[in-house]
Structure formats: C-alpha cells, structure tokens
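> To start, I am sharing the structure in question, which I have written as structure tokens.
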Amino acid sequence: MTRVSDPDTPAAPSADHRAEATRGVELVIVTGMSGAGRSTVGNLLEDLGWYVVDNLPPSLILSLVDLAHSVAERTDRPARLAAVVDVRAREFSESLSTVLEELRLRGWAPNVVFLDATDEALVRRFESVRRPHPLQGEGRLLDGIQAERDLLADLRSTASVVLDTSGLNVHQLTRKVSPMFTRSEQRPRLAVVSFGFKYGVPLDADFVFDMRFLPNPFWVPELRALTGIEAPVSEFVMTQPGATEFVDRVVDLMDTVAAGYEREGRRYVTVAVGCTGGKHRSVAMAEMLGQRLAGDRFATFVVHRDLGRE
C-alpha cells in the first residue's frame, strides 16, 4: 500500500540535510539548580571563547541557533554557542524540553550540562548571600529547593552531563569544567574525583570506589598532617596489600567500558574515589588512577573535592 503524505506536513529532513544544517556550530545548553553555579560556568565558557547568552528563554534558542549557523556560513568560521537557561518556571521547563526535541529532529545534538548540588550546599550558598530561593514563596528555603528539584527531575535525567558542584569553590569548579570544552580534545573526558564520605558522595559520579579497605595514614603520626599528594603518603597507600591490584582492576574496567561510551556519544565520565575525610587514601589513589588512565582512550584529569576541608 502506498502512503500519501499530507501536503501541509513538512517532510523530515534527510541525514545529509541535517548534517548541513548543523555544520559549523557547536551548541551547549547550561541549566540546573539555582545556586549550583550556572553563572560561573557561563563566565568560564565566555573566557574560553564561546558566545554565551545568559538567562535566555528556551523559546529563543532555535532562533539563536539559526542566527549562529548563518553567521558561521557567511564568515566560514565555526561558531561555539552556549545558552545559560533558567527553567524554574514550569512553562520554561516544558518549553525547553520541546526545544530540545526540535533541535534533535533538525539533526542537532545539543550538549546539555545540568549543574546540581546537595541541599546542604545550596542552603549554605543562599544564606551566605542572604537571598531567598526563587521558588520559596512563603515557605522555607528547603521548600523552594525541593520544588525546583521536582520541577527539573526529568530534565536532569536526560542531560548529557550532570555536574555536582557541592564543596567546590569557583577555582575548583573551573578546573573541573574546563576540560569539557577544550576545542582540540575529541576523546571523552574522564574526571577522577577524590572525596570524603563524611561530606557525601558526589552527585555526578558514574563510578564510586571506597578506599576504606586500606589502612588509614591518619593513624601514622608522621603522616597525619600530610596529604595524599605528597610522596610519603602516596607510598604508604600504594604499598598496602590490594592497592596495586585495585588500580589494575579499575584500569581494566574503564578500558572495557570506553568503547561503549564512544559508541553512545558519552563525552564526560566521572570516577569518584572516596575515603573517610578525602585527605589521604582517596587523594593518593585518585592521583595514581589519573596517571594510569591517561592515554588514548580518555582525556583524564584529577579533582580533589574535599582536600583542605578538614
């Protein structure tokens, strides 16, 4: 049976047409929880040479993309476009989902970066600037945060990257985000993050490993004041039974999943390594994993989330 198309319904663009429509423009959408660092990431992208539009209504993203594409064609220069989107209002959240679907139908693969943080971290940030949460209304600060979490749950689950900014200062967040947007780097970015369990597990961790199976240098008087970055602590940790074997197993694991990440278009992976306080064992192990995992598969970098918090 021959199917007759509705003449009023536009035909889906071909693969060649979609490729041509998106040529020369790279698109990132930055969104997430209020207080989680959207403005910081927007400023960083601007410093890295991206054209950044802050607080852009989702309904205008398509127009901005079309404009960037026409400019890229006219100047024969690639455009790097970032839209920082505040989706606290429900209509904005629904509008952004619609826009993202339309972009994908047109052949775009927007990189959606969702910034998140623990309730504790968000409360601390709002209290430090003495501002209410935008959705707080007449309720408590936590009521506003929970309302926003509920509103953004679907968007968070479909984001390309979820970044946990809890416990990170501006400089640490910059170090964590910068490798994602390096123009010349095409490999998936692998972040190895050390942390302390007493401060909470990173929200954006894809893999979590517990280093508390190793003896704690804290109980060695001459090592207590040092950190896992320093050689005496590193040597102590890595010479314990099971330490080298653990590193070998993690390297094998990441080598196994790397090909799958490439097929699925995963651009950013976080391996979290924890100990009690994030000062000794996790730091030493993160440094070692960072060295061993650097290579052809991943562009690897190390972040010590809780170092210096004690």
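> What nm value, rounded to one decimal, do you get for the distance between residue 252 and residue 60 when each label is placed 7 Å out toward the C-beta?
Inter-label distance under the simple model: 5.4 nm.
> Net charge around residue 262, counting only other residues with Cβ within less than 13 Å of its Cβ (Lys, Arg = +1; Asp, Glu = -1)?
Residues close to residue 262 contribute a combined charge of +3.
> Using the alpha-carbon atoms, what tilt in degrees (0 to 90, nearest 10) does helix 281-293 show relative to the longest principal axis of the chain?
The angle comes out near 60 degrees.
> When N counts the residues of the range 229-298, how does its alpha-carbon radius of gyration compare numerically with 2.2 N^0.38 Å, as a ratio?
1.21
> Can you pull the one-decimal nm distance between simple spin-label points at residue 310 and residue 222, each 7 Å off the Cα toward Cβ?
Computed distance between label sites residue 310 and residue 222 equals 1.8 nm.
> Can you tell me what percent of all Cα-Cα pairs in the range 53-161 are more than 21 Å apart?
Taking all Cα-Cα pairs of the range 53-161, the fraction more than 21 Å apart is 45 percent.
> At R0 = 25 Å, how high is the FRET efficiency between residue 129 and residue 47 if r is their beta carbon distance? Nearest 0.05 is fine.
E between residue 129 and residue 47, to the nearest 0.05, is 0.65.
> If you look at just the Cα atoms of the chain, how large are its Rg and its Dmax in Å?
Radius of gyration, then largest Cα-Cα span, for the chain: 22.1, 83 Å.
> For the chain, take the longest principal axis of its alpha carbons; what is the angle in degrees between that and the long axis of helix 90-105, to the nearest 10 within 0 to 90?
On a 0 to 90 degree scale, this one is about 80.
> Would you mind classifying the range 98-152 by shape? Square roots of the alpha carbon gyration tensor eigenvalues, ordered a ≥ b ≥ c; an a/c under 1.5 is rounded, otherwise it is prolate if a/b is larger than b/c and oblate if not. It would help to have the intermediate numbers written out before the result.
Values: a/c = 3.58, a/b = 2.43, b/c = 1.48.
It is prolate, given that a/c is not under 1.5 and a/b is the larger ratio.
> Turning to a different aspect of this structure: Convert each backbone phi in the range 299-310 into a coupling constant with the Karplus relation 6.51 cos²θ - 1.76 cosθ + 1.60 (shift: θ = phi - 60°), then list the ³J(HN,Hα) values in order as whole Hz, x for Gly and Pro.
For the range 299-310, the Karplus-derived couplings read 8, 9, 9, 10, 10, 9, 5, 10, 5, x, 7, 6 Hz, x marking Gly and Pro.
> Round to the nearest 10 and give me the degree value, 0 to 90, for the angle of helix 243-264's Cα axis relative to the longest principal axis of the chain.
0
> Through the Karplus equation 6.51 cos²θ - 1.76 cosθ + 1.60, θ set to phi - 60°, convert the phi angles of the range 46-60 into ³J(HN,Hα) values in whole Hz; use x for Gly and Pro.
Per-residue couplings from phi come out as 4, 5, 7, x, 7, 8, 10, 10, 8, 6, 7, x, x, 5, 9 Hz.
> Seen from all sides and averaged, what is the projected area of the convex hull of the Cα atoms in the range 133-204, in nm²? Each step should come with its number before you reach the end.
Numbers: hull surface 26.8 nm².
That works out to 6.7 nm², a quarter of the Cα hull's surface.
> Could you tell me which GluC sites (Glu not before Pro) in the range 96-140 are loop residues by DSSP with no more than 13 other beta carbons within 10 angstrom of their beta carbon? Display every interim value, and only then the final one.
Values: sites: 101, 102, 120, 127, 138; in loops: 138.
Hits after loop and neighbour filter: 138.
> Given N residues in the range 131-265, what is Rg(Cα) / (2.2 N^0.38 Å)?
In units of the 2.2 N^0.38 Å rule of thumb, it is 1.37.
> With a cut-off of 8 Å between alpha carbons and a minimum separation of six or more residues, what is the relative contact order of the chain in percent?
Result for the chain is 19 percent.
> Using θ = phi - 60° and the Karplus relation 6.51 cos²θ - 1.76 cosθ + 1.60, list the HN-Hα couplings for the range 175-180 in order, rounded to whole Hz, with x at every Gly or Pro.
Whole-Hz 3J(HN,Hα) from phi for the range 175-180: 5, 6, 7, 3, x, 5.
> Taking the simple approach of a point 7 Å from Cα along Cα-to-Cβ for both residue 262 and residue 74, what is their distance in nm?
Those two pseudo-labels are separated by 3.9 nm.
> Follow-up. Under the rule that an exposed site lies in a DSSP loop and has at most 11 other Cβ atoms within 10 Å, name the longest stretch of the chain with no trypsin sites (Lys or Arg not before Pro) of that kind, not counting the sites themselves.
Here the longest run is 184-310.
> Next up: Hey, how many Å between the Cα centroid of the range 157-228 and the Cα centroid of the range 26-57?
Using only Cα atoms to place each centre, the spacing works out to 22 Å.
> Quick one: which residues, 5+ away or cross-chain, put their amide H under 5 Å from the amide H of residue 273? H built at 1.01 Å from N.
Counting only residues 5 or more places away or on other chains, the set is 193, 194, 195, 209.
Bear in mind that the values in this text are calculations on the coordinates, not laboratory data. All of these numbers come straight from a predicted model, not from anything done at the bench. Note: ideal-geometry Cβ built from the backbone for every residue, glycine included; neighbour counts use all protein chains shown.
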